[in-house]
Amino acid sequence: MYEARSHPPIPRRRFLRRMVRHAAAALALLAVSLAVGMAGYEHFERLPWRDAFLNSAMLMGGMGPVDAPRTDAGKLFAGLYALYAGLVFLVAAGLLFAPVVHRLMHRFHWEQDR
């Protein structure tokens, strides 16, 4: 996926395109995760879509739900979704930081080997 250690770092323009692709993948992951959370809150807690969006977005942002779940199924869903949202945050951060960290490390090793 990335250039090998023996190759020079890619030009800035290609690096920016790589960053845009990674950001698009992170945004797609967040959008799909938000849609799953909204669908779950609508199904298990019978919340209108605006309230389902608010609860899902707050969980994905690490704040916690606004409306406390009332049903057993809703409580189970909210707990599992909260765990999932924490993992999605880490994966999205990894997607965004991976090209930057790789470029920094690649430049360091490229200059060290020369």
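The values are calculated or read from the model by the stated rules, or taken from the named source; none is laboratory data. If you're wondering where the values come from, they're calculated on a predicted model, not measured in any experiment. In this analysis, Cβ positions are derived from the backbone assuming ideal geometry, glycine residues included, and neighbour counts consider all displayed protein chains. Just the protein is used for accessible areas: all its heavy atoms, side chains included, with ligands, DNA and RNA removed. Shrake-Rupley method; radii C 1.70, N 1.55, O 1.52, S 1.80 Å.
Suppose the filter is assigned to a helix (DSSP H, G or I), out of contact with any strand residue (DSSP E or B) (no Cβ under 6 Å at 6 or more places or on another chain) and modelled with pLDDT of 95 or more; does Leu16 pass it?
When the stated conditions are applied, Leu16 passes them.
Any idea which of Met19, Met38, Met60 is surrounded by fewer than 16 Cβ atoms within 10 Å (Cβ to Cβ) and in contact with a helix residue (DSSP H, G or I) (Cβ under 9 Å, 6 or more places away or on another chain)?
Answer to the selection: Met19.
Does Ala52 fit the bill of being open to solvent by 30 Å² or more (accessible area, probe 1.4 Å), small (Gly, Ala, Ser) and at pLDDT 95 or above?
Against the criterion (open to solvent by 30 Å² or more (accessible area, probe 1.4 Å), small (Gly, Ala, Ser) and at pLDDT 95 or above), Ala52 does not qualify.
Which residue, of Met38, Met58, is touching a Pro at 6+ places or on another chain (Cβ under 9 Å) and not charged (D, E, K, R)?
Met58
Each row is one residue, and each column tells you yes or no for (1) among the β-branched types (Val, Ile, Thr); (2) touching a residue at least 24 places away in the same chain (Cβ under 8 Å); (3) assigned to a helix (DSSP H, G or I).
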| site | (1), (2), (3) |
| --- | --- |
| Ala4 | no, no, no |
| Ala23 | no, yes, yes |
| Ala28 | no, no, yes |
| Ala35 | no, no, yes |
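Exactly one condition in (1) surrounded by fewer than 20 Cβ atoms within 10 Å (Cβ to Cβ); (2) out of contact with any Lys or Arg (no Cβ under 8 Å at 6 or more places or on another chain) is false for Pro69; which is it?
Among (1) surrounded by fewer than 20 Cβ atoms within 10 Å (Cβ to Cβ); (2) out of contact with any Lys or Arg (no Cβ under 8 Å at 6 or more places or on another chain), Pro69 violates only (2).
When both residues are 6+ apart or on different chains and their Cβ atoms are under 6 Å apart, which pairs have a first residue that lies in the range 53-73 and is under 14 Å from His43 (Cβ atoms), and a second that is surrounded by fewer than 16 Cβ atoms within 10 Å (Cβ to Cβ)?
Short answer, once both residue conditions are applied: Asn55/Val66; Asn55/Asp67; Pro69/Lys75.
Could you list all residues from the range 71-113 that are of a type in the set (Lys, Arg) and either modelled with pLDDT of 95 or more or under 22 Å from the mean Cα position of the chain (by Cα) (or both)? Steps first, please.
Pass one, the range 71-113, residues of a type in the set (Lys, Arg): 75, 103, 107.
The answer is Lys75, Arg103.
So for the range 56-66 (the condition being under 30 Å from Glu3 (Cβ atoms), polar (S, T, N, Q) and in a helix (DSSP H, G or I)), does at least one residue qualify?
Our first condition is that a residue be under 30 Å from Glu3 (Cβ atoms); within the range 56-66, this holds for none.
Within the range 56-66, not a single residue is under 30 Å from Glu3 (Cβ atoms), polar (S, T, N, Q) and in a helix (DSSP H, G or I).
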